[in-house]
Amino acid sequence: MGGVAFLIILLPFIVGSIIDMIFMAANQKAIEEAVENAKKQAVSMKREGEKRLNAKIQSFMENNPL
């Protein structure tokens with residue numbers, strides 16, 4: 001009888017741990033998606049910056065011939 005009572009007392013902690021693991025897995029997926037989106041945005045910003053820089057270089061070269 002003592003063993004059953006002990007298991008009944010531990011049951012909420014076991015169930016809570018299982019629920020916590022499920023939420024952590026879902027949260028990890030959301031974090032990975034956010035990181036992937038941030039990487040894509042960084043690549044896009046880098047390309048846009050390179051285009052602007054090249055346009056400014058081209059403009060400078062046209063306005064200042066050697």
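The values are calculated or read from the model by the stated rules, or taken from the named source; none is laboratory data. Since the structure is predicted, the reported quantities are computational estimates derived from the model, not experimental observations. All Cβ positions, even for glycine, are placed from backbone atoms using ideal geometry, and neighbour counts span all protein chains on display. Keep in mind that these areas ignore ligands, DNA and RNA; they rest on the heavy atoms of the full protein, side chains included. Shrake-Rupley method; radii C 1.70, N 1.55, O 1.52, S 1.80 Å.
Brief remarks on what is shown
- In segment 1-29, the residues that are at positive phi never reach a residue that is open to solvent by 80 Å² or more (accessible area, probe 1.4 Å) with C-beta atoms less than 8 angstrom apart, at least six apart or across chains.
- Flag if LEU66 is open to solvent by less than 100 Å² (accessible area, probe 1.4 Å) and modelled with pLDDT under 90: no
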